[in-house]
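**Student:** I have a structure I would like to understand better, so I am pasting it below and will then ask my questions one at a time.
Rule-based calculations on the coordinates, nothing more; no lab input. Worth saying up front: this structure is predicted, and the values here are computed from it rather than measured. Note that we place each Cβ from the backbone using ideal geometry, even for glycine, and neighbour counts take in every protein chain shown.
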Amino acid sequence: MEMFGNLADGFAIALTWQNLLLALLGCFLGTIMGALPGLGPSNGVAILIPLAFTMGLGATPSLILLTSVYYGAMYGGRISSILLNIPGDEPAMMTCLDGHPMAKKGLAGEALSLSGIASFVGAFFATWGLILLAPQLVKIALLFGPAEYFALFALAFMTLGGVSSTNQAKSAFAAALGLGLATIGVDTQTGVPRFTFGEVHLYDGLDFLVAIVGLFALSEVFIFLENRHGGAEADSKKIKVGKLYPPMSMIKQCTPTMLRTSFLGFLAGVLPGAGASLGSFISYSMEKRLVDKEGTFGTGDPRGVAAPEAGNNAAAGGALVPMLALGVPGSGTTAVLLAVLLALNITPGPLLFTQNPDVVWGLIAALFIANFMLLAMNIPMVGLFTRVLMIPSRILMPIVAMVSFVGIYGISGSTFDLLVMIGFGVMGWVLRKLDVPLVPIILGTLLGNAMENNLRRAVTIDNGDWWTLVDSPLSIGLWAIAIIGFILPLIVGARVKARMHKRRDEEGSISD
């Protein structure tokens, strides 16, 4: 009953005019960000971080705005997948398989609305999962000492490459680079400056918000400038949306699919580092195996749209569980949200639920509200969101750059930070061309200091004995999961990734 009391308090916080308007704004902007090919949730949230901070919002309103953007972008990713066969982001890749063939049959509006309903179902069940599971994880987390926390952070780094990365070595390099960046600044234990090269601005270390906006938002601007994405704009005019509402028989046919894949997606999201890409792939593959008796998946089967959409939105909610309860992000976007929490002087983890219950329960209540808003907004306004695909990049990208520069300068008032942000933007652009994932870099920058402090504390408490890191059953268990999580993708990850691309290419050519 205490849980429902907390949730009621959360609704009291979320149901203010300011928070409702912020949730509505976040849902709207997030859907637009998700609809634009290539941007996706983590870029969308990163681009809007400066906006949240320059608006002078408190902790809870900032998080409500940015998590609404997160949920909105997960919804929006399906628009370009269905209409153009261009995934808005990686989790939306599986939606192309049946969504685009449906659009070619003149059922684009029905496919978009069905995917909106599936997204709602997935996110709704994931939010309940978050309410039930996060407080239980907190109880386990209270058993953690410095050695266990170090093992937990190692687990996050070793699993974050996962299925979504093309190369574990590149993920490991990115994590090492992030950890290296975290060591810049004055050493907290000895007071000695490290890697500052005499630059006073670096004594406090690198501001991770500057790093995030540079790596995600500015690198996106450079990629657009290079590629000029002209084809997507031309194609979008050829697709007609058609009838907006799917027939009741279609929704009834897809309901068992949505329920099954919501559960699968949520489990994939809770695993640190697996995230929505794995959620959407598992959901589509399992559902195809289970119900596709006539071989209709890949030719425009509505269940093939509902499965990945429910799966990836449930995974998006599931990824918030380890982020809030343990302070370890479950996906790239939750790593960005973790940075926001830290910038607001709120430490995620087991004490968050007791020290900042208003933030946690206000956020959870806002997720419910945002979810209903997205359902109400997405179906009638499908026509408007499809027009977003016609915005030329020459208009869009200067806006992204302007928001990044004005926002970061508004937060810090430092021209040095702007130069650092440009440096991170160039680095992000180069790394993306080399297919090096950016999320482990962000995770390293965020968690590096905490990881180093816990390592030193654990070894100091045990008088310099390094075996203390594998001294308890809990830390041994975490190390075992970390090692399995690192090795398993080496065996199956490349195969899964290849199958994802192969299936999309094959079924895309069939539908052509």
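**Student:** Residue farthest toward the positive end of the dipole of the chain, with Cβ of Lys/Arg at +1 and Asp/Glu at -1: which of Gln136, Val439, Ala211?
**Tutor:** Value computed over the given set: Val439.
**Student:** Tell me the Kirkwood radius of region 1-123: reciprocal of the mean inverse pair distance over distinct alpha-carbon atoms, in Å.
**Tutor:** It works out to 15.3 Å.
**Student:** If only Cα atoms are counted, what is the Rg of the chain, and what is its Dmax, in Å?
**Tutor:** Here Rg and the maximum Cα pair distance are 22.0, 71 Å.
**Student:** Can you put Arg303, Arg394 in order, fewest other beta carbons within 10 Å first?
**Tutor:** Going from least to most buried by this count: Arg394, Arg303.
**Student:** Within 10 Å, count the other beta carbons around each residue, average over each peptide in 73-83, 400-410, and list them highest first. All intermediate terms of the calculation are to be shown ahead of the outcome.
**Tutor:** Details: 73-83: 32.0, 400-410: 18.6.
With the highest mean Cβ count within 10 Å placed first, the list reads 73-83, 400-410.
**Student:** Under a Cβ-only charge scheme (Lys and Arg +1, Asp and Glu -1), can you give me the dipole magnitude of the chain about the Cα centre, in debye to the nearest 20?
**Tutor:** The dipole magnitude comes to about 1420 debye.
**Student:** Please work out how much length the chain gains when fully extended from Ser249 to Val186, using 0.36 nm per residue of separation minus the C-alpha to C-alpha distance, in nm with one decimal. Can you show the working numbers first?
**Tutor:** Working: separation 63, 0.36 × 63 = 22.68 nm, distance 6.35 nm.
Net length gain for the segment: 16.3 nm.
**Student:** Across region 9-511, how many lysine pairs separated by 8 or more positions, or lying on different chains, have Cα atoms within less than 20 Å?
**Tutor:** Final tally of qualifying lysine pairs is 16.
**Student:** Classify region 304-407 from the C-alpha gyration tensor, please: rounded if a/c falls under 1.5, else prolate or oblate depending on whether a/b exceeds b/c.
**Tutor:** oblate
**Student:** Here's something else I'd like to know. What residue among Ala314, Met158, Gly295 has its Cα farthest toward the positive end of the dipole of the chain, where the charges are +1 on Lys, Arg and -1 on Asp, Glu, each on the Cβ?
**Tutor:** Of the options given, the answer is Gly295.
**Student:** Moving on. Using Cβ counts within 10 Å as a stand-in for footprinting exposure, how do Trp467, Trp128 rank, fewest first?
**Tutor:** Details: Trp467 9, Trp128 14.
Neighbour counts put them in this order, fewest first: Trp467, Trp128.
**Student:** So, with +1 on the Cβ of K and R and -1 on the Cβ of D and E, and no other charges, what is the size of the charge dipole of region 1-147 about its Cα centre, to the nearest 20 debye?
**Tutor:** Taking the Cα centre of region 1-147 as origin, the dipole is about 160 debye.
**Student:** Arrange Val426, Val138 by Cβ neighbour counts within 10 Å, fewest through most, would you?
**Tutor:** Sorted ascending by nearby Cβ count, the order is Val426, Val138.
**Student:** If you don't mind, there's one more thing I want to ask. Can you give me the C-alpha center-to-center distance between region 134-154 and region 384-452, rounded to a whole angstrom?
**Tutor:** Centre-to-centre (Cα) distance: 31 Å.
**Student:** May I pose another question? Contact order normalised by length for the chain, with contacts defined as Cα pairs under 8 Å and 6 or more residues apart; what percent is it?
**Tutor:** 29
**Student:** Compute the longest continuous run of the chain that contains no exposed GluC sites (Glu not before Pro); treat a site as exposed when its DSSP state is not H, G, I, E or B and it has at most 15 other Cβ atoms within 10 Å.
**Tutor:** 295-512
**Student:** Taking the dipole about the Cα centre of region 9-511, with the C-beta of Lys and Arg at +1 and of Asp and Glu at -1, give me whichever of Pro193, Met94, Leu474 is farthest to the positive side.
**Tutor:** Met94
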